[in-house]
Every structure is written in C-alpha cells, then in structure tokens.
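The structure appears right after this line, and notes come after that.
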Amino acid sequence: MNTKVLRSLSYGVYVTTTVDGQRPTGCITNSVMQITSSPATIAVSVNHDNYTNGCIERSGFFAVSILAVDSDASLIGRFGFRSGRDADKFEGLSYESVEGMPVIADGCGYVVCRVINKMETSTHTVFLGEIIAGETGCKSEPMTYAYYHNVIKGKSPRNAPTYIPEEAADAPKAESKVKYVCSVCGYEYYGDSLPEGYVCPICRQPASVFKRVEE
C-alpha cells in the first residue's frame, strides 16, 4: 500500500488536554472529528504511549483546543515532543480552566467533553466525548496538518496517528547541501551554519541540539 495516500485525508492540529489529579497535562493530536450533532459528540485518537491517554481514562473528561495558523508554533513542540510524565507542559503557559479542563488561550476555539465511550486499537484509544462546553476564539484560520507540514515544515510526533517512518526522507530539499536536524523534534534547517542564537521554531530547543548532516 502507498501510505502517502493517507496524507490526502483532512486533519487539523489540536492540543488535547485533561488533568492528572489537579495537574493539567495534554498532547498534540490531529485525528479529531465530529460524530453527531445532537447530542454534540466528537472522537479523538490518542496513542497508548501518551501520558495523556491514561489521564483521560482516569478523569473521564478531556478538552480539545484548536490551534490556528498564527498560534505559536512552539506549542507543537511543547505538547508534541515532550512527555507529561517528565515535564509540566503548562508551566509559563497562558490557559484557563473550563469545566475543570485546561484549554489553551492561543487558539481559535475549544471544546470540553465528557467521555461516553471508547474504542481500542493496537496502538491508539479512540475516545468518544459528549461536548459539555465550547467556544470560538481568534478570527484566524484553524491550522491544518498540511499547513503544519508544508508551511511550518514540522514533523509528525512519533505517537501521532499520521506518523509515517519514511517521512523525513520525503522532505523537500533546499539548495544548500548542508542541513541541521533538531535531535528533539526532527525539524530541518538548510544552510552552511546556524544563525547566532538560533532556536528550533517547533520545539524551542537551542542550536546545541542540532546535528549537522552533509548531503
């Protein structure tokens, strides 16, 4: 099967959040869809290895914050390339609690859900949630997965449903034959050297985590 056909499906970029006791946590998701309109329900797919998965299971609630094209790209690094087991992903971040669930301020809307069912696959749990709160945010367009790949030039987190192992090999090449690859999130910078004070636009890590690769 040519797995590239799956990239033609429509996806967004979301921060799916919940709580671990009183502590907020969350992860990046892209497989979120509306299931019914009355009562309003959505489904979200979360990898078994994501700390957020077990927290949703225990709390019985989750929120989905919809990222916009002008949302800070570092949110994807914060929630997509670190684990809530080891880091407080909300430290220093602007957010609010709605129905007990953390929602991101820097987005174009959110929904808060009560888990009403779930389906297990070999790698992911699909949580079905009835919407108990929701609001629109900024006026800019929601970020699509295609925009994240083609404009921001970001890579899929390894636990994402859409992760394709050969993805890095398919990335477009720039004129420079020297590239620097972020060892945290896989972002690629093409150029003879990294600019002074450079930080990764996705995961906000310093130039020291980049590895030089000759092509």
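All of the numbers you see were taken from the coordinates with simple rules; none came from a lab. All of these numbers come straight from a predicted model, not from anything done at the bench. In this analysis, Cβ positions are derived from the backbone assuming ideal geometry, glycine residues included, and neighbour counts consider all displayed protein chains.
Around the amide H of Tyr187, modelled in the peptide plane, lie the amide H atoms of Cys182, all under 5 Å away and 5 or more residues distant in sequence or on another chain.
Near the amide H of Gly134, within less than 5 Å, lie the amide hydrogens of Val112, all on another chain or at least 5 residues away, with H placed in the peptide plane.
Can you check what the net charge comes to around Asp106, using other residues whose Cβ is under 10 Å from the Cβ of Asp106 (Lys, Arg +1; Asp, Glu -1)?
Taking every other residue near Asp106 into account, the sum is -2.
Taking θ as phi - 60° and the Karplus parameters 6.51, -1.76 and 1.60, the scalar couplings of region 186-196 work out to x, 4, 10, 10, 9, x, 5, 7, 7, x, 4 Hz in sequence order, x denoting glycine and proline.
Amide H to amide H, with H built 1.01 Å from N, Ala40 comes under 5 Å of Ile131, counting only residues 5 or more places away or on other chains.
Packing, taken as the mean count of other beta carbons within 10 Å per residue, orders the peptides 66-73, 201-208, 116-123 from highest to lowest as 66-73, 201-208, 116-123.
The HN-Hα couplings worked out from phi for region 25-41 by the Karplus form 6.51 cos²θ - 1.76 cosθ + 1.60 (θ = phi - 60°) are 8, x, 8, 7, 10, 10, 9, 10, 8, 6, 9, 9, 9, 9, x, 5, 9 Hz, whole numbers, x standing for Gly and Pro.
Each Lys or Arg adds one and each Asp or Glu subtracts one; over the other residues with Cβ under 11 Å from the Cβ of Ser65, this totals -3. Once the C-beta distance of Val178 and Asp70 is scaled by a Förster radius of 30 Å, the resulting FRET efficiency is 0.50 to the nearest 0.05. The 3J(HN,Hα) values that the Karplus relation (6.51, -1.76, 1.60; θ = phi - 60°) gives for region 90-101 are, in residue order, 9, 4, x, 9, 7, 7, 9, 9, 10, 6, x, 10 Hz. Gly and Pro appear as x. Annotation: extensible slack from Thr123 through Asp192 equals 20.9 nm (criterion: 0.36 nm per residue apart, minus Cα-Cα distance).
Classified by the C-alpha gyration tensor, region 1-146 has a rounded form. Its axis ratio a/c, with a ≥ b ≥ c, is below 1.5. Taking a ≥ b ≥ c as the square roots of the eigenvalues of the Cα gyration tensor, an a/c ratio of 1.5 or more together with a/b no larger than b/c marks region 30-78 as oblate. Taking a virtual spin label 7 Å from the Cα of Ala133 along the C-beta vector, which residues in region 42-86 bring their backbone nitrogen under 14 Å of it? Hits in region 42-86 for Ala133 at 14 Å: 61-65.
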